[in-house]
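First comes the structure, then the notes that go with it.
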Amino acid sequence: MTTVAQRPCSAVETAPVTPLRVSGADLTVLGVPGQINLDYAATAPCLKAAADAVTELLPWYGSVHRGAGALSQRCTLEYERARQTVGDFVGARDTDHVIFTRNTTDALNLLAHALPAGTRVLTFAGEHHANLLPWPGAVRLPVPDSPDEAVRYLAAALAELRRDDTEREILVAVTGASNVTGELWPIAQLALIAHRFRARIALDAAQLAPHVPVDLGALDVDYVALSGHKLYAPFGAGVLVGRGDWLDAARPYLAGGGATSGVGDATHDVRWTDGPARHEAGTPNLLGAVALAAVCATLEAADRYALHEEEQRLLARLRTGLAELPDVAELRTFGPDAARIGVVSFAVRDRDSADIAQRLGRDHHIGVRDGLFCAHPLARRLLTEASVRAHWPTTPATALRASIGLGTTDSDITTFLTALAAVLR
């Protein structure tokens, strides 16, 4: 059997790129004709606005914050405009820092680096690895069966911590939408509980931001992290936005040029700057920042309610079609009617998910994800629960995931369901 890695990809690489316009908004995603992308949760396709912004700036590409010439001045202006645009997109407050990073994982590791000594971190066992692994000695709360149970778990844990220590800094780190199930978490309620016990809360919005608006003020969260490559800007940029006091008090995430206000002759004579630059040492990813800002501006101008309604319609078709296939079981943490974004993971009885994914790609030109989705503890748990609900004698080792977004069509859903049924037969 020829694997995906072994197949020549020149046909895909040289195929023309066709823009696909989403009706009702100035939103156009780029894609290859004949290929159906149902792997948005891993990396979303490029929005034409992002590609156009990069193309327009490339002739002017130069240093940022490091020159007096026209190129440097233009690039510095574009970089700081991008910072403002991205900050506005997530509702940054006047005292918040907007720090460009590589992705959500990088952003959350930066925040973990900036925690005051002795900070206790609480998170849930169902987090993506990006929000599970960076926190030293974190308390992992059980995976809840419902949004209300998540709130109860957090309230109980915080009450116990505060009984033992009334002064310790506490950070709650939680996802906004699961990358495994697509289910929405009760962020505003969790933030209310966190602040009631004088804890801060960080939101992993990697999956949430591409699908619904994220506003720090409305949700009342202290920090938010997201990735450009999941937000239709695959140019290697992410962002951490949030309260500046911990960030200004921490040693720079990276030591180097741009993070300093002065360096003396002695090795210890270094004065670090405050603000975002403190954690952005080195030449920044200007094009990534500009691409991310272009997408943020485009989404801000669109009717996101209408986009969400269209996605929910397609999601319902996808879930209904999967439920009608024999020996297929959807993974879920909450109830089947819980609010969710366009992400569906499912298991297939007595079948290897990698083989199914390869056959979908090779024979039907459909891209999906297989595995445990960088959320191993959660995915293994949900695979077991799905097998029990379906009365399977054994539990599959891995699952498949189909995820949708801008550019997904009814035809894509129909073709996928038909192809999957053929593969399973």
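Please treat every number below as a calculation from the coordinates, not as lab data. Everything numeric in this text was worked out from a predicted model, so none of it was measured. Using ideal geometry, Cβ is built from the backbone for each residue, glycine included, and neighbour counts are taken over all protein chains shown.
Please turn the phi angles of the stretch 205-221 into ³J(HN,Hα) values with the Karplus equation 6.51 cos²θ - 1.76 cosθ + 1.60 (θ = phi - 60°), one per residue in order, whole Hz, x for glycine and proline.
9, 4, 8, 6, 4, x, 10, 9, x, 10, 9, 4, x, 5, 7, 6, 9
Given R₀ = 41 Å, FRET efficiency for Asp303-Thr395 by Cβ-Cβ distance, to 0.05?
Values: r = 42 Å, r/R0 = 1.04.
Plugging the Cβ-Cβ distance into 1/(1 + (r/R0)^6) gives 0.45.
Please work out the FRET efficiency for the pair Leu424 and Glu160, using the Cβ-Cβ distance as r and a Förster radius of 60 Å; give the result to the nearest 0.05.
Step by step, r from the Cβ atoms, then E = 0.80.
Can you order the peptides 397-406, 133-142, 373-382 by their average number of other Cβ atoms within 10 Å per residue, highest first?
Descending packing order for the listed peptides: 397-406, 373-382, 133-142.
Rank the residues His365, His229, His391, His211 as a footprinting-exposure proxy: fewest other Cβ atoms within 10 Å of their Cβ go first.
His391, His365, His229, His211
Using the number of other C-beta atoms within 10 angstrom as an exposure proxy, rank Lys230, Lys48 with the fewest first.
Placing the least packed residue first, the sequence is Lys48, Lys230.
Which value, in debye to the nearest 20, gives the size of the charge dipole of the chain about its Cα centre, when Lys and Arg are +1 and Asp and Glu are -1 at the Cβ? Before the final figure, lay out each step's value.
Details: 39 positive and 48 negative charges, 124 e Å.
Result for the chain is approximately 600 debye, rounded to the nearest 20.
About its Cα centre, what dipole magnitude does the stretch 53-301 give when the only charges are +1 on Lys and Arg Cβ and -1 on Asp and Glu Cβ, stated in debye to the nearest 20? Numbers along the way, then the final one.
Values: 20 positive and 28 negative charges, 56 e Å.
Roughly 260 debye, rounded to the nearest 20.
Amide H neighbours of Val172 under 5 Å, counting only residues 5+ apart in sequence or on other chains, H built in-plane at 1.01 Å?
Close amide H contacts, sequence-distant or interchain: Leu122, Arg200, Ile201, Ala202.
Quick one: 3J(HN,Hα) in Hz for the stretch 324-330, Karplus 6.51/-1.76/1.60 with θ = phi - 60°, rounded, Gly and Pro as x.
Each residue of the stretch 324-330 in turn: 7, 7, x, 6, 10, 10, 6 Hz.
What distance in nm separates the simple spin-label points at Phe197 and Asp352, each placed 7 Å from Cα in the Cβ direction?
About 4.5 nm, to one decimal.
Could you list Thr55, Thr408, Thr43 in order of exposure, starting from the residue whose Cβ has the fewest other Cβ atoms within 10 Å?
So the ranking, lowest neighbour count to highest, is Thr55, Thr43, Thr408.
Considering the dipole of the chain built from charges on the beta carbon (Lys and Arg +1, Asp and Glu -1) around the Cα centre, which of Phe416, Phe89, Ala41 is farthest to its positive end?
In the chain, that residue is Phe416.
Rounded to the nearest Å, what's the spacing between the alpha carbon centres of the stretch 122-154 and the stretch 33-73? Just the number, please.
Cα centres, the stretch 122-154 to the stretch 33-73: 35 Å.
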